[in-house]
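The values are calculated or read from the model by the stated rules, or taken from the named source; none is laboratory data. Note that the structure is a prediction, hence the values are computed from the model and not measured. Cβ atoms come from the backbone with ideal geometry, glycine included; neighbour counts cover every protein chain shown. Only protein heavy atoms, including side chains, enter the accessible area calculation; ligands, DNA and RNA are left aside. Shrake-Rupley method; radii C 1.70, N 1.55, O 1.52, S 1.80 Å.
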Amino acid sequence: MKKVLIINGGQNFGHSGGKYNQTIAENTLEVLKNFENVEVRISNVSDNYNKNEEVEKFVWADYIIYHTPIWWFQLPNGLKKYIDEVFTAGHAKGIYMSDGRTSENPKINYGTGGMLGGRKYMVTTSWNAPETAFTLPGEFFNETSVDNGPLFGFHRMNAFVSLEKMESFHFHDVEKNANIERDMKLYREHLTNVFEKELKPQLV
């Protein structure tokens, strides 16, 4: 039995109602139901949560799937607060033990004290920015991808606790030019391909 934790980082704030990421989380659940022997738990950062119970979910899971909008080029405040609280509560309780260094040689081995080894994570993001803002010369993000640019720190955070990255999926232009049916179809195909590789027995 493989265990998947879905973290829905959408929230109601300003002109955002959190509905788009709720839809993504629902599509994730539908895809995972197609696989046998998969148990799923869902955490919504906008709900009341117990940080110690969330730590237990991270330790329980084989796979963590984060769904997050991007606000002002960063994680939204609700998801950032969730991570700050849960990861801090997870010190020496299954998320991380230390920063990995020793006092004898503090210049090396930073970021090697995570406790979630053997587990993997995936992230989806939703943007007002079109994909071309990241890919075309002269456009806003200077040809820097979401993963290597705005999400660089997020990925290093997960590496710090010893999680291994799976291929991300990014939803673009969701405010001015949304095509939910098309985008969810592409996402379901992406998620199916990722988990077919992860969950199906390998032919020898």
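Of all residues in the range 118-149, which are over 23 Å from K176 (Cα atoms) and open to solvent by less than 50 Å² (accessible area, probe 1.4 Å)?
Once the filter is applied, which keeps residues that are over 23 Å from K176 (Cα atoms) and open to solvent by less than 50 Å² (accessible area, probe 1.4 Å), the range 118-149 yields R119, K120, Y121, M122.
Consider D84 against the criteria (1) within 15 Å of the chain's Cα centre (by Cα); (2) among the acidic types (D, E); (3) within 25 Å of F195 (Cβ to Cβ): it satisfies all of them except one. Which criterion is unmet?
Condition (3) is where D84 drops out.
If I go through the range 169-190 residue by residue, how many of them are in a helix (DSSP H, G or I) and either farther than 24 Å from F73 by Cα or of a type in the set (K, R) (or both)?
5
List, please: which pairs have Cβ atoms under 6 Å, are six or more places apart or on different chains, and start with a residue in the range 82-105 that is within 12 Å of V59 (Cβ to Cβ) and at pLDDT 95 or above and end with one that is in a strand (DSSP E or B) and not basic (K, R)?
Y96/G114
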